[in-house]
């Protein structure tokens, strides 16, 4: 118990309860992870550097050379780009979630949690909730940077907030993929690599950085059924950043015609599937 207390609030053994107890256990684990993050501020700082670099590089290096709706106006590209950068940022947090869980496994902390009569899913839920808080802070800072380089929204504040909530829902869904990866590998380094290697094609074969109209036909279909693309398109719609001359869909894909609903469906489906798999993996590793 002393080893757990050093990292944050301790989980005192008690009879396992129902849903209410599971929520309490999850919040205690989330608090423990948030306290740990405040003690290692470089985790948050380094998590901010990469997305800020993407904003600056894409805005000033590619902004005047990529055609959006037949125009190479840098301002149009800024408004087209930012939803993609935000979505990339929340999904890249997957690697951090996986590495964190793998590190806890490697250090034996997960084994200590298993010895307590707590809900099996609470450890993973608490971890993903803490990662969601960190991702939210990163997104707030990144939005400020985007405003500084010229990004603007054209909808009311309610829709803009909904756009960010849509992005955070996708980020939370992907953190469960990271949790499963973290439980499936032996080292934090492997979890980081495993959490990133599939994210690059997912984010670049999408509508995040360029319109899909210039892609080969096969990739157009892949991009428009990509859950990442649905969230980017939904966020653009809620931010008022849809571009004149850029069609909603090239292939007639349903997710691009209804991006907000499609994004919610994709995110919920990912949470249900990968939370189930992650909790099952956690339980099987405990026996």
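Each value in this text was obtained by applying a stated rule to the coordinates, not by laboratory testing. The shown structure was predicted, so the numbers you read here are calculated from the model rather than taken from an experiment. Backbone-built Cβ (ideal geometry, glycine too); neighbour counts: all protein chains shown.
In this label model, residue 243 and residue 284 are separated by 4.4 nm, measuring between points 7 Å along each Cα→Cβ vector. Model label points for residue 140 and residue 189, set 7 angstrom from Cα along the Cα-to-Cβ axis, are 3.6 nm apart.
The eigenvalues of the Cα gyration tensor, multiplied by 5 and square-rooted, give region 105-255 an equivalent ellipsoid with semi-axes of 34, 20, 13 Å from largest to smallest. By the helix-only formula, in which each DSSP H run with n ≥ 4 contributes -39500 (n - 2.57) and the sum is divided by residues, the chain has a 222 nm mean residue ellipticity of -24000 deg cm²/dmol. Going by the alpha-carbon gyration tensor, a ≥ b ≥ c the square roots of its eigenvalues, is region 225-287 rounded (a/c under 1.5) or, if a/c is not under 1.5, prolate (a/b greater than b/c) versus oblate? Because a/c hits 1.5 or more and a/b exceeds b/c, region 225-287 counts as prolate. As a calculated quantity, the FRET efficiency between residue 152 and residue 268 at R0 = 35 Å, using C-beta atoms, amounts to about 0.70. Here region 237-287 and region 130-161 have alpha carbon centers that stand 20 Å from each other.
Exposure proxy shown here: for 66, 265, the number of other Cβ atoms within 10 Å sets the order, fewest to most, as 265, 66. Taking other C-beta atoms within 10 angstrom as a stand-in for reagent exposure, 185, 90, 232 fall in the order 185, 90, 232, fewest first. Our estimate of slack between residue 49 and residue 67, defined as 0.36 nm per intervening residue step minus the Cα-Cα distance, is 3.8 nm. The modelled label-to-label distance between residue 200 and residue 75, using points 7 Å beyond Cα along the C-beta direction, is 3.6 nm. Footprinting exposure proxy ranking of 224, 237, 257, fewest other C-beta atoms within 10 angstrom first, gives 257, 237, 224.
Taking only the alpha carbons of region 18-286, we obtain Rg and Dmax values of 19.0, 61 Å in that order. Spatially, region 189-207 and region 58-86 are offset by 23 Å when compared through their Cα centroids.
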